[in-house]
1. For region 280-295, enumerate the residues that are assigned to a loop (DSSP other than H, G, I, E, B) and over 26 Å from L134 (Cβ atoms).
2. When you go through F162, F198 one by one, which is the residue that is at pLDDT 95 or above, among the hydrophobic types (A, V, I, L, M, F, W, C) and either over 28 Å from A278 (Cβ atoms) or surrounded by 17 or more Cβ atoms within 10 Å (Cβ to Cβ) (or both)?
3. Which of (1) farther than 20 Å from H319 by Cα; (2) without any contact (Cβ under 8 Å) to a residue 40 or more places away in the chain is the odd one out, the single condition I231 does not satisfy?
4. Which of (1) modelled with pLDDT of 75 or more; (2) assigned to a helix (DSSP H, G or I); (3) out of contact with any Phe, Trp or Tyr (no Cβ under 9 Å at 6 or more places or on another chain) does I59 not meet, given it meets every other one?
5. Criterion first (modelled with pLDDT of 80 or more and within 18 Å of L127 (Cα to Cα)) does L312 satisfy it?
6. Restrict the check to region 147-155 and report whether at least one residue is assigned to a helix (DSSP H, G or I) and within 42 Å of the chain's Cα centre (by Cα).
7. Checking E210 against (1) among the charged types (D, E, K, R); (2) in contact (Cβ under 8 Å) with a residue 40 or more places away in the chain; (3) surrounded by 12 or more Cβ atoms within 10 Å (Cβ to Cβ): exactly one of these is not met. Which one?
8. Which count do you get for residues in region 169-207 that are hydroxyl-bearing (S, T, Y) and touching a residue at least 60 places away in the same chain (Cβ under 8 Å)?
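The values are calculated or read from the model by the stated rules, or taken from the named source; none is laboratory data. What you are looking at is a predicted structure, and each value in this text was computed from that prediction instead of being measured. We place every Cβ from the backbone using ideal geometry, glycine too, and count neighbours over all the protein chains shown.
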Amino acid sequence: MKMTRPIQAIILGSLGLSVLVFAILLGIELTSDFRFTLAIWITLPILIGIAGFVIFAVIFQNFLNERIKVIYRLISNKKFENDEAYEMSITEDVFNKLGEDTAKWAKGQAAQIKKLEEQAAFRREFLGNLAHELKTPVFSIQGYILTLLEGGLEDERVNREFLERALNGVDRISAILEDLDEIAKYEFDRYTLKITEFDIVNLTKKIFNELHSKADDKGIKFVFAKSYDPIKVSADEGKISQVMTNLISNSVSYGSENGTTTVRFHALESDKILVEVADDGLGIDEEHLPRLFERFYRVEKSRARNIGGSGLGLAIVKHIIEAHDQKINVRSTSGKGSTFSFTLDKA
């Protein structure tokens, strides 16, 4: 049987007291036999009481610890290689401590359950959105192929057109799968950034030229907020080009007819450059802003799908910026346009 220090102290103190009483009684001026008998009769009950108390204390403490260990095994993920770490003394406020530990465990479990519920809801929504994104092109491909098999293949007026439409559906599915693969690389750290120094102003001009024809179809102009000298930044040029292309392309897709896409650069005091891409389109309601960078999240689902895209562009943009240890934000006013901004390190 194990004895804790408080019990050991009580035993030693009681034994000391018994010896002292025994010695005092032996010193009293009585006959030696009587003194000895008196000392025995007085100290013997004390010793018996001590022994009884020790036996009861040890048995009760072992019983208590065994029950408490069962509770701790239920509320703790730790291996009990050293059970002494969970032993308690009867001199402690056992139930208060157990109550505190149990309450702490319950709070942790509640937080974990809430997190798991949120993750489960996100997975359900993600799978539903993914199925919806894939369903449209798959059904269109299926319809075109069935039409061709039912006689359209011999009709030269429709066979090539239907094959091209089916190919567009395949391209859309391929784009979704490629974007999903890219997101997976970022989420599981399976990527390598090639950090170099480059001119972000010159990079933006190149993207303006690449997207010029798309902007012309809606009469949208690409402009800088002012004339900028070369601005050197330190980042992965290819990845930042992907970010800028996505943001500027979105500004055209969701911008107003004959509108303007404006790019601004601000030098911050913390050796960073703030990049802003702004449009004067319809804007985004505030309720949608917190979820804008989620996979497949669309503000106007039907309209957004007609415009095209995999629905993963902004999620990829967010991953790329965060991979550079930077932040991306969006501010928008319904009816007045949106502005996406992110930071980069100065070279």
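1. D280, G281, L282, G283, D285 - these are the residues of region 280-295 that are assigned to a loop (DSSP other than H, G, I, E, B) and over 26 Å from L134 (Cβ atoms).
2. Every option except F198 fails the conditions.
3. Of everything listed in (1) farther than 20 Å from H319 by Cα; (2) without any contact (Cβ under 8 Å) to a residue 40 or more places away in the chain, I231 misses just condition (2).
4. Every condition holds for I59 apart from (1).
5. Yes; evaluated as a whole, the condition is true for this residue.
6. no
7. (2)
8. Here the count works out to 2.
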